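Q: Handing you a structure now.
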Amino acid sequence: MAVNKTYKPETHWDQTAFEELKATWTPERIAEDEKTLQEVFALAADCPLLAEALDWANTHGIKFFIDHQAVNIGGYYLPGTGVMAVVPRSFMRMEEVMVHEIRHAWQDYNGLISWNDNTPHDGSFNDFFINNALIEADAKAMGLLALGQSTVAQRKRDAERAVKMGVLLHEESKKYTASYQERIADENIALGTGFLDWFETNWQPRFYGDSFSKVYGRKWELYDGELPLRNQEFSLDPRHIKGMDIHDMQDVLRLGVNFSGTKNYLAALQPDILPRKILCPSLADTFWGAANDDQIKLTAGLRKAHLKKKLARKTRGSVTAPC
C-alpha cells in the first residue's frame, strides 16, 4: 500500500469574503491579533509537527485570524477559502488546534474533503459521512502527535529546571516522560494509532454526528430545532466538493501523506485494517447515529430522503422516450 504522493486538480483559494470581513476590523484589533498569532506560532519551537505544518501553510497561502466570538471550538477551517481561525479562549492546547486545522487545509488543497450542496440529490449519504469521519480522524491524529511532542518538550524542560534547582525528580515522573516519548518516537505508528483510536471513542462521534446531522437536517427541511452553538465570526456555505473516492483504496491512502510528502502512515498500516475496520457500510450507522435517540431518528430521516431522491432519478432515467 505504498502511496507517498498526492495528486489533485489545481486549487485556488477564494479569500474575497474573508478580506471583506477583515476590512471592517480596526487597526488596533489587527495589531493585537497579530501579536497573539505570533505567540501561537512560537509554540513550533517545541513541536516539530507544528513547525512542519506552518511551513506548509505559509508556502500555500493559508491565512490565519483570531476569532473573538466563537464558542465550543478551539479553531476552524472553511473549505475552499484557505482561511483558518484560532480561538485562544478554548480549553484545548493551541499546538493541537493549529495542526488539526492546518491539516484540514492540507486535505482541502489535495482534494480530499467532501462537501455536499444543500440538497440530497448528489452523491451518497453514507459516502459523504464516511469521508468526514476519515478526514476528522486524520486531523485528530495529527493534532494528538503535535500535543505529544510539545508535552514531552515541556516535561524535559521542567526536569532540567528542577535539576538546576537541586530538586530530585520522582522516578514515576521520569518513567512517564520516557513512556510518552517512546509512544510518539515513530511518527507512522503514533499517527496510525491516533487515526484508528478516533473510531473507538464516544465523544467524537457524538460531537461531529450531532453537528453534521442537524445542519443537513435543517437544509433538507427535516429538522427545525436548535443548531450546535458555534457563533463563528467567519462562516460560509462551502461550494459542492467531491472529495476523495472512498471506494478507491489508492485515493483514500492519499490521506496518510505527511505535510512534507515524505511519509504515509496509512500505507504503513496492515493491509486489511482500512477495508475491515473503517471503509465498511456500517460506519455511517455506528458513527453518525451515536449521539442520542433524536440523533438516530434524524440520521434515518436524512438517509431516507436521499434514497427517495436517488430512486426517483433512476425511475425517470428508465422511462423509454417515444419514437
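Q: Take the stretch 153-190 and flag every residue that is in a helix (DSSP H, G or I) and modelled with pLDDT of 90 or more.
A: E187, N188, I189, A190
Q: Can you confirm whether the stretch 225-248 contains a residue that is assigned to a helix (DSSP H, G or I), under 22 Å from I102 (Cα atoms) and not basic (K, R)?
A: no
Q: A follow-up question, please. Among all residue pairs at least 6 apart or on different chains, which show Cβ distances below 7 Å where the first residue, located in the stretch 177-188, is farther than 18 Å from N264 by Cβ and touching a residue at least 24 places away in the same chain (Cβ under 8 Å) and the second is assigned to a helix (DSSP H, G or I) and among the hydroxyl-bearing types (S, T, Y)?
A: Every condition considered, the pairs that remain are Y180/T151.
Q: Okay, next question. Consider D46 against the criteria (1) crowded, with 20+ Cβ neighbours inside 10 Å; (2) modelled with pLDDT of 90 or more; (3) not aliphatic (A, V, I, L, M): it satisfies all of them except one. Which criterion is unmet?
A: If we test D46 against (1) crowded, with 20+ Cβ neighbours inside 10 Å; (2) modelled with pLDDT of 90 or more; (3) not aliphatic (A, V, I, L, M), just (1) comes out false.
Q: Could you check the stretch 213-262 and list, in sequence order, the residues that are within 25 Å of G74 (Cβ to Cβ) and aromatic (F, W, Y)?
A: Answer for the stretch 213-262, where residues must be within 25 Å of G74 (Cβ to Cβ) and aromatic (F, W, Y): Y216, F234, F259.
The values are calculated or read from the model by the stated rules, or taken from the named source; none is laboratory data. On a predicted model such as this, the values are computed, not experimentally measured, just so you know. Here the Cβ is made from the backbone with ideal geometry for all residues, glycine too, and neighbour counts use every protein chain on show.
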